[in-house]
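Read-outs throughout are calculated quantities, based only on the coordinates presented, and are distinct from any laboratory measurement. Not measured: the values here are computed from a predicted model. Quick reminder, even Gly has a Cβ in these numbers, built from the backbone with ideal geometry, and neighbours come from all protein chains shown.
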């Protein structure tokens, strides 16, 4: 098993649980603001090691949720 197949499995599991709820999931305003702050600091080269780690985690989570939403459309009652 590769990390990509693990992401696929997790995304599919999330998508099947409650697809309609997953499709309506959005980051909180505070989370979005923090992400934007980290991105700006990254662009200006002012990101600390811990902030880089934090940004990397946000990116992985965003990609996982995006993949799960793609799969949720397949299972959604709204499809």
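Suppose the filter is surrounded by 11 or more Cβ atoms within 10 Å (Cβ to Cβ) and under 13 Å from the mean Cα position of the chain (by Cα); does residue 12 pass it?
For residue 12, the condition - surrounded by 11 or more Cβ atoms within 10 Å (Cβ to Cβ) and under 13 Å from the mean Cα position of the chain (by Cα) - is not met.
Quick grid of which residues meet (1) touching a strand residue (DSSP E or B) at 6+ places or on another chain (Cβ under 7 Å); (2) surrounded by 12 or more Cβ atoms within 10 Å (Cβ to Cβ); (3) in a helix (DSSP H, G or I):
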residue	(1), (2), (3)
16	no, yes, yes
22	no, yes, yes
27	no, yes, no
35	no, yes, yes
50	no, no, yes
54	no, yes, yes
64	no, yes, yes
68	no, yes, yes
77	no, no, no
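Taking region 37-48 as the range and being touching a helix residue (DSSP H, G or I) at 6+ places or on another chain (Cβ under 6 Å) and not in a helix (DSSP H, G or I) as the test, only 47 passes.
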